[in-house]
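Read-outs throughout are calculated quantities, based only on the coordinates presented, and are distinct from any laboratory measurement. These figures come from a predicted structure and were not determined experimentally. As a convention, Cβ positions derive from the backbone with ideal geometry for all residues, glycine included, and neighbour counts pool all protein chains shown.
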Amino acid sequence: MEHPKYAFFEGQIVPFGEAKVGVLTHALNYGTAVFGGIRGYWNDQQQRLYIFRPIDHYQRFIQSTRLLSMELEYSPERLCELTLELLRKERYQRDIYIRPLAYKADELIGVRLHNLRDALSIVALPFDRYMKNDDHAHVTVSSWRRVDDNMIPARGKISGAYVNSSLIKTDAYRSGFDEAIVLNQDGHISEGSAMNVFIVRNGTMITPAITDNILEGITRRSIIELAREELKIPVVERPIDRSELYICDELFLTGTAAQVTAVTRVDHRPIGNGEMGPVTASLRELYAGIVRAQNPKYMHWTVLV
Ligand code: PMP
């Protein structure tokens, strides 16, 4: 992996190699950190870099910090400015991924959230495709369950909760699948290891509600709006049964990293005719243009670096 040249760390932009924490850091020992994942897209024609929905991402980031009783003095707008400052120094001319992290920074022993110092770092690195087969993925239903709201809230992007995601992903990978879909405690579909889930049945798009132990995805929100506004397809948020995955017409995953990933097989069963469906294909194309600031109607979703 190509390393960034700089990082925002301890209140200023420093050389990347100086952005380091000690082994006793609370967040490293107890998972008491929250993070974000934002993409920047290079528009080759314009020779410009755009960030996709950074304010929305930073609003969720701040909500995540609240779940861990953190007190950061940054607004979403300020975090966006800091990110732009960092990117103007990095001068990337390619697609990138931005990783803000808020973490319990004290080096001590003690399981708690209170009376600890909160710190912030931001780095940006080169980034291309996340899912290898993003136009024909084969997924399984994980034997793991999603963390419950009363265990570790899935609506926060909490570092410790990504042990759950990692268990889900690695077992799927080692069994030969591209990704896994995980059920929540009551046996309904929750999400992928790092992406939200949509199915299409009889011309309606269906996705689990935000009370089904999912991360409230920014891509999910964007795709719901695009389906309704551009494709004029109804979108319903409701519990999805596992067996609906096996009989749906289309299935796709959404996420900043995964973008719109077409799933064409679940547990060795073909979805629809076993090829990417028309709704998935249309949304992939729309989304790909919008994130690169090539669609005048959705320029407000992108921020120029
Ligand atoms: N669920 C989980 C668990 C995730 O980690 C992600 C990636 N951030 C998503 C869903 C998708 O969210 P977003 O579209 O905001 O990237």
Quick check: is even one residue across the stretch 145-166 surrounded by fewer than 17 Cβ atoms within 10 Å (Cβ to Cβ), among the hydrophobic types (A, V, I, L, M, F, W, C) and within 30 Å of residue 199 (Cβ to Cβ)?
yes
Pull up the stretch 258-274, narrow it to residues that are surrounded by fewer than 16 Cβ atoms within 10 Å (Cβ to Cβ) and out of contact with any strand residue (DSSP E or B) (no Cβ under 6 Å at 6 or more places or on another chain), then point me to the one that is farthest from residue 204 (Cα to Cα).
268
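Tell me, which strands (runs of 3 or more DSSP E) wholly within the stretch 249-305 include 3 or more residues that are over 16 Å from residue 129 (Cβ atoms) and of a type outside the set (Asp, Glu)?
On the way: elements: 250-255, 259-266, 302-304.
Strands (runs of 3 or more DSSP E) meeting the threshold: 259-266, 302-304.
Determine, yes or no, whether residue 86 is buried (at least 18 other Cβ atoms within 10 Å of the Cβ), away from the ligand (no atom under 16 Å from the Cβ) and not charged (D, E, K, R). First the steps, then the outcome.
On the way: buried (at least 18 other Cβ atoms within 10 Å of the Cβ): yes; away from the ligand (no atom under 16 Å from the Cβ): yes; not charged (D, E, K, R): yes.
The answer is yes for residue 86.
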Aliphatic (A, V, I, L, M), within 23 Å of the chain's Cα centre (by Cα) and over 24 Å from residue 222 (Cβ atoms), is that true of residue 19?
no
How many residues does the stretch 12-36 contain that are closer than 21 Å to residue 58 by Cβ and polar (S, T, N, Q)?
2
Determine which member of the set 240, 233, 199 is under 21 Å from the mean Cα position of the chain (by Cα), in a loop (DSSP other than H, G, I, E, B) and of a type in the set (A, V, I, L, M).
240
Hits in the stretch 204-217 - residues which are of a type in the set (A, V, I, L, M), surrounded by fewer than 22 Cβ atoms within 10 Å (Cβ to Cβ) and either near the ligand (Cβ under 10 Å from one of its atoms) or closer than 24 Å to residue 275 by Cβ (or both):
206
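Does residue 165 satisfy the condition of being part of a helix (DSSP H, G or I), within 16 Å of the ligand (Cβ to nearest atom) and over 30 Å from residue 305 (Cα atoms)? Break it down into steps so the answer makes sense when it comes.
Numbers: part of a helix (DSSP H, G or I): yes; within 16 Å of the ligand (Cβ to nearest atom): yes; over 30 Å from residue 305 (Cα atoms): yes.
In short, yes.
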Inspect all residues belonging to the stretch 54-76 and state whether any of them is crowded, with 22+ Cβ neighbours inside 10 Å, aliphatic (A, V, I, L, M) and more than 20 Å from residue 14 (Cβ to Cβ).
yes
For the condition basic (Lys, Arg), surrounded by 14 or more Cβ atoms within 10 Å (Cβ to Cβ), touching a residue at least 12 places away in the same chain (Cβ under 8 Å) and within 16 Å of the ligand (Cβ to nearest atom), what is the one hit in 292, 201, 220?
220
When the stretch 174-195 is checked residue by residue, the ones that are within 14 Å of residue 245 (Cα to Cα) and either among the aliphatic types (A, V, I, L, M) or within 10 Å of the ligand (Cβ to nearest atom) (or both) are 180, 181, 182, 183, 189, 190, 191, 192
Which is free of Cβ contacts under 8 Å to residues at least 60 places away in the same chain and in contact with a Leu (Cβ under 7 Å, 6 or more places away or on another chain), of 227, 209, 281?
227
